[in-house]
Amino acid sequence: MRVALFVTCLVDGLRPEVGKATVALLERLGVPVEVPLAQSCCGQMHTNSGYADLARPLADAFADAFVGYDYVVSPSGSCAAAVRHQHPRLTDKRVPPVLELSEFLVDVLSREDVGARYPHRVTYHPTCHSLRMLRVGDRPLRLLRHVRELELVALPDADTCCGFGGTFALKNVDVSEAMLADKAAAVLSTGAEVCSAGDTSCLLHIGGGLTKQGTGVRAVHLAEILAST
Amino acid sequence: MTTFLGMPHGTGNLAGGPFPREARKALADDQLRANLGRATATIRAKRAVAVGELPDWEELRAGGAALKDATLARLDEHLLRLEAAVTAAGGVVHWARDAEEANAVVTRLVQAAGADEVVKVKSMVTQEIGLNEALAAAGIAAWETDLAELIVQLGHDKPSHILVPAIHKNRSEIRDIFVREIPSAPRDLIDDPALLAALARAHLREKFLSARVAVSGANFAVAETGTLCVVESEGNGRMCLTLPEVLITVMGIEKLVPTWQDLEVFLQTLPRSSTGERMNPYTSMWTGVTPGDGPQEFHLVLLDNGRTATLADPDGRAALRCIRCSACLNVCPVYERTGGHAYGSVYPGPIGAVLSPQLTGVEDNRTLPFASTLCGACYDVCPVAIDIPTMLVHLRQQVPPPAAERLAMTAIASVMRSPRRYRAALWLGRFLPRRLPPPLSRWTRSRALPQAPRQSFRAWWVRR
């Protein structure tokens, strides 16, 4: 089984720890993962902002970068969804199955217990595109429930968007901030030390808000928790 | 690719100021935020229960979508069948290209009936064309008889929700409006919902009994029989549809279903999606004119107002499936925080963000396609499965971008396409500042940036 990591440009440039954790986790589970260096960005921001013409070559390049693998795994539900749902409209090139991390662990590796230990109180934001485009369901929660010493607390109104929405956060900054304020309040109401999610973009938004407010709650990617021992 | 079919874009109340600016005003209103949060949460929960009861909900959704698509594909034929059936049943059919034509037709009909007032059934389409204002300009008073529409009208306000037009008002605000505007209201009226409703009821009863002309919209029209259908909750619609001598119904051309049997699907999905009820209290159906029973003159005004132009776009036409249930408004995190007025159109929320720009032409409604995070909650609840997020993305491509944004996007795409430039950009990540310059400062004013990493993931990968 040849597995490639689609690390995403955001993780590559801003949160490399998430990529390292994903590699560490997969290797611990016996999956030798490769990182095709021709990869960059899936073009989701361009597509969603109305620049399909600029996204088209990125979709082509994505297909070229990952040709020949059995699976492509990504620590981002949103980017995986962009490839699965948007790329077929942008390019005729076919790509191997692109799976979000929790899908790959639960569906392909049939693992819910990945041998992790994480002694913290954690709440989980399920992220819109993982929930409603990929339909990952409760896979991330099943994985978290098997993490030793982790106390999982339910997030109120979990399936409500955090207000990021790509360029929405800039174009409609006031609405975005109002949504972020409500999400941050929901996180704080749980008393969790850590807010986790399967998407770095949402975590930069929620975590950025939690830090700016000086709450002390940390935003930690699902991969980082699952990689911890 | 769109095809020009010879019909212009829509006119009327379909566009307003830029959404970000209008949204900012709405967000500053704490009372509005509280009212909306409470009201949408209540309807959301009711809908979830009512929909959860049906084991075949997904089939009903798919069926509704397929019925609407098939109807839209042959809309011209069905409309002519409807016209023939309505005419055969004693009604008169009028065709209106846009808001102005429809308003002129209705005004002429009311004047021909010798009336200077009309009672109205709650109707989105007459809000769309601004009928009340057009009638007022001709010296004709239009009385809204739906309780919430009455509140909006008496408050000299605008509806902010498709189904619950006064969702932005709470009961104490409603009390104030009634005391100010209804002559028979006691000064010491308290904000008890039953008392408020009783006062409105007495006020409206006079109008029902005196008005000689009624104006309605329509939820459905059955082409094969020429039957019109209005679903409502208060009985005011039934009053309007039966008491006056003349009934004028204004209907968007997409409201049509081919056969009586098609109603079976929508009469299940509409009430459950909109009010969270298994069945709405009043479903009125009428076919032309029945001698000695009900209105003795019936007019049907078929309105285009941008619908044919919408139909011409294969990637946008599914918006015409909409049955105006407003489930998408109630689940939308953007709508919940801004309310309907920020959208500037009588059609707010997610469906408004895809429908309004298509009816007016995107160039006259540039900010609505961006009034969404693409979270997808709207698509999940839509009873006719309109993929609103994908349609929003499609419409965004038609909005001419600001030059600076286009430049930035082109630069980013160029970086992403070149491994060398991409590596250089990642290397620059270590110089991530604590604050960003405008317009990116909109990000940092409420979100801290992450710690700048010492090396990119790929730099680590290559060296490990």
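Spot the failing condition for residue A:106; the list is (1) within 14 Å of chain B (Cβ to nearest Cβ); (2) in a helix (DSSP H, G or I), and only one is missed.
(1)
Residue B:277 fails exactly one of the following numbered conditions: (1) of a type in the set (Asp, Glu); (2) closer than 21 Å to residue B:103 by Cβ; (3) surrounded by fewer than 18 Cβ atoms within 10 Å (Cβ to Cβ). What is the number of that condition?
Status for residue B:277: all satisfied but (2).
Could you grab the pairs with beta carbons closer than 6 Å, sequence gap of 6+ or different chains, first residue in segment B:346-360 and closer than 20 Å to residue B:132 by Cβ, second one in a helix (DSSP H, G or I)?
Pairs that qualify, where the first residue is closer than 20 Å to residue B:132 by Cβ and the partner is in a helix (DSSP H, G or I), are B:346/B:127; B:346/B:128; B:347/B:355; B:347/B:356; B:352/B:343; B:356/B:368.
Looking only at segment B:51-66, which residues are among the small types (Gly, Ala, Ser) and crowded, with 18+ Cβ neighbours inside 10 Å? It would help to see each step written out before you state the result.
Residues of segment B:51-66 among the small types (Gly, Ala, Ser): B:52, B:62-66.
Matches in segment B:51-66: B:63, B:64, B:65.
Of all the residues that make up segment A:190-226, how many are away from chain B (no Cβ under 12 Å), touching a strand residue (DSSP E or B) at 6+ places or on another chain (Cβ under 9 Å) and among the small types (Gly, Ala, Ser)?
Residues that pass the stated criteria total 5.
I need the full set of residues from segment A:36-79 which are closer than 24 Å to residue B:455 by Cα and surrounded by fewer than 18 Cβ atoms within 10 Å (Cβ to Cβ), in order please.
A:36, A:37, A:38
Being surrounded by 21 or more Cβ atoms within 10 Å (Cβ to Cβ), touching a strand residue (DSSP E or B) at 6+ places or on another chain (Cβ under 6 Å) and not aromatic (Phe, Trp, Tyr) is the filter; apply it to segment B:139-159 and report the residue that is farthest from residue B:200 (Cα to Cα).
Checking each candidate, the answer is B:142.
For segment B:428-443, state whether one or more residues are within 8 Å of another protein chain (Cβ to nearest Cβ), farther than 30 Å from residue A:159 by Cα and either outside any loop (DSSP other than H, G, I, E, B) or free of Cβ contacts under 8 Å to residues at least 12 places away in the same chain (or both). Show your work before the answer.
At the first step, the residues of segment B:428-443 found to be within 8 Å of another protein chain (Cβ to nearest Cβ) are B:429, B:432, B:439-440, B:442-443.
Now drop any that are not farther than 30 Å from residue A:159 by Cα, which leaves B:429, B:432.
Subsequent filtering for residues that are either outside any loop (DSSP other than H, G, I, E, B) or free of Cβ contacts under 8 Å to residues at least 12 places away in the same chain (or both) retains B:429.
Yes, there is a match, as at least one residue in segment B:428-443 is within 8 Å of another protein chain (Cβ to nearest Cβ), farther than 30 Å from residue A:159 by Cα and either outside any loop (DSSP other than H, G, I, E, B) or free of Cβ contacts under 8 Å to residues at least 12 places away in the same chain (or both).
The conditions are (1) within 14 Å of chain B (Cβ to nearest Cβ); (2) in contact with a Ser or Thr (Cβ under 7 Å, 6 or more places away or on another chain), and residue A:85 fails exactly one of them. Which is it?
(2)
Based on this model, can you work out whether residue B:342 counts as surrounded by fewer than 24 Cβ atoms within 10 Å (Cβ to Cβ), among the small types (Gly, Ala, Ser) and either more than 22 Å from residue A:201 (Cα to Cα) or more than 8 Å from chain A (Cβ to nearest Cβ) (or both)?
On the way: surrounded by fewer than 24 Cβ atoms within 10 Å (Cβ to Cβ): no; among the small types (Gly, Ala, Ser): yes; either more than 22 Å from residue A:201 (Cα to Cα) or more than 8 Å from chain A (Cβ to nearest Cβ) (or both): yes.
No: the conditions fail for residue B:342.
Among the residues of segment B:35-47, is there at least one that is more than 30 Å from residue B:170 (Cβ to Cβ) and loosely packed, with under 13 Cβ neighbours inside 10 Å? Talk me through it step by step, then tell me what you get.
Kept after step one, since they are more than 30 Å from residue B:170 (Cβ to Cβ), are these residues of segment B:35-47: none.
No; the residues of segment B:35-47 include none that is more than 30 Å from residue B:170 (Cβ to Cβ) and loosely packed, with under 13 Cβ neighbours inside 10 Å.
Hey, can you tell me all the residues within segment B:406-424 that are more than 7 Å from chain A (Cβ to nearest Cβ) and under 44 Å from the mean Cα position of the chain (by Cα)?
Within segment B:406-424, B:406, B:407, B:408, B:411, B:412, B:414, B:415 qualify.
Mind checking which residues of segment A:6-60 are more than 7 Å from chain B (Cβ to nearest Cβ), in contact with a helix residue (DSSP H, G or I) (Cβ under 6 Å, 6 or more places away or on another chain), under 30 Å from residue B:368 (Cα atoms) and without any contact (Cβ under 8 Å) to a residue 40 or more places away in the chain?
Hits for segment A:6-60 are A:55, A:56, A:59.
Pick out the one residue from A:144, A:152 that is in a strand (DSSP E or B), surrounded by fewer than 24 Cβ atoms within 10 Å (Cβ to Cβ) and not basic (Lys, Arg). Before the answer, list the steps.
Working: A:144 fails: in a strand (DSSP E or B).
Only one candidate passes the filter, namely A:152.
With the checklist (1) surrounded by 18 or more Cβ atoms within 10 Å (Cβ to Cβ); (2) touching a Ser or Thr at 6+ places or on another chain (Cβ under 8 Å) in hand, flag the one item residue B:435 doesn't pass.
The number of the failed condition is (1).
I'd like to check which strands (runs of 3 or more DSSP E) are fully inside segment B:160-239 and have at least 3 residues that are surrounded by fewer than 21 Cβ atoms within 10 Å (Cβ to Cβ) and touching a His at 6+ places or on another chain (Cβ under 7 Å).
Numbers: elements: B:213-216, B:220-222, B:227-232.
Output list is empty.
Looking at (1) outside any helix (DSSP H, G or I); (2) touching a residue at least 60 places away in the same chain (Cβ under 8 Å); (3) aliphatic (A, V, I, L, M), which is the only condition residue B:452 fails?
With (1) outside any helix (DSSP H, G or I); (2) touching a residue at least 60 places away in the same chain (Cβ under 8 Å); (3) aliphatic (A, V, I, L, M) applied to residue B:452, the lone miss is (2).
Considering each of A:136, A:187, A:114, A:122 in turn, give the residue that is in contact with a strand residue (DSSP E or B) (Cβ under 8 Å, 6 or more places away or on another chain), assigned to a loop (DSSP other than H, G, I, E, B) and either more than 14 Å from chain B (Cβ to nearest Cβ) or not basic (Lys, Arg) (or both). Walk me through how you get there before you give the answer.
Working: A:187 fails: assigned to a loop (DSSP other than H, G, I, E, B); A:114 fails: in contact with a strand residue (DSSP E or B) (Cβ under 8 Å, 6 or more places away or on another chain); A:122 fails: assigned to a loop (DSSP other than H, G, I, E, B).
Every option except A:136 fails the conditions.
So how many residues does segment B:151-166 have that are modelled with pLDDT of 90 or more and β-branched (Val, Ile, Thr)?
Final tally of qualifying residues: 2.
Counting just the residues of segment B:441-464 that are modelled with pLDDT of 90 or more and aliphatic (A, V, I, L, M), which one comes out farthest from residue A:18 (Cα to Cα)?
That would be B:448.
Against the condition crowded, with 23+ Cβ neighbours inside 10 Å, of a type outside the set (Ser, Thr, Tyr) and closer than 25 Å to residue B:86 by Cβ, how does residue B:263 come out, does it pass?
Values: crowded, with 23+ Cβ neighbours inside 10 Å: no; of a type outside the set (Ser, Thr, Tyr): yes; closer than 25 Å to residue B:86 by Cβ: yes.
Answer is no for this residue.
The values are calculated or read from the model by the stated rules, or taken from the named source; none is laboratory data. Here the structure is a predicted model, which is why all the values come from computation and not from measurement. Using ideal geometry, Cβ is built from the backbone for each residue, glycine included, and neighbour counts are taken over all protein chains shown.
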